[in-house]
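Right, one structure below, let's go through it.
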Amino acid sequence: MDKADWRAEFLSSLLSTEQNDRDNARKLKKQHKPEKLYQYRAVDTAEQMAWLMQFIRNGELYCSTIETLNDPLDSQSVVSLKNYDAYLSKNKI
């Protein structure tokens, strides 16, 4: 399955109201997750290097808050209103 095919299937499964589809989405995500994830960042000062080394030494991961991201779509959720309405009706919410 090529990249476009699994992504389309993942999105369709993720937006489904059926539990089997949701399970399939989790399976696809696990199968296709990258082995490594990189972010390149400039280290221009001794303070920045010390900050970075703290994360490396402690095996930690730094993630920006939504407010500091430069792309407003980075934190956007995708919700299918049709599937959401079906979920609400099915679960009598």
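Looking only at segment 29-61, residues that are more than 20 Å from Tyr87 (Cβ to Cβ), without any contact (Cβ under 8 Å) to a residue 24 or more places away in the chain, under 15 Å from the mean Cα position of the chain (by Cα) and not in a loop (DSSP other than H, G, I, E, B) come to 1 in all. I'd like the residue in segment 1-28 that is in contact (Cβ under 8 Å) with a residue 24 or more places away in the chain and assigned to a loop (DSSP other than H, G, I, E, B) and, out of all such residues, is nearest to Asn91 (Cα to Cα). Taking the candidates together, the pick is Thr17. Scanning segment 9-31 for residues that are polar (S, T, N, Q) and surrounded by 13 or more Cβ atoms within 10 Å (Cβ to Cβ) yields Ser12, Ser13, Ser16, Thr17, Asn24.
Rule-based calculations on the coordinates, nothing more; no lab input. Computed from a predicted structure; not experimentally measured. Reconstructed Cβ throughout: ideal geometry from the backbone, glycine too, with neighbour counts over all protein chains shown.
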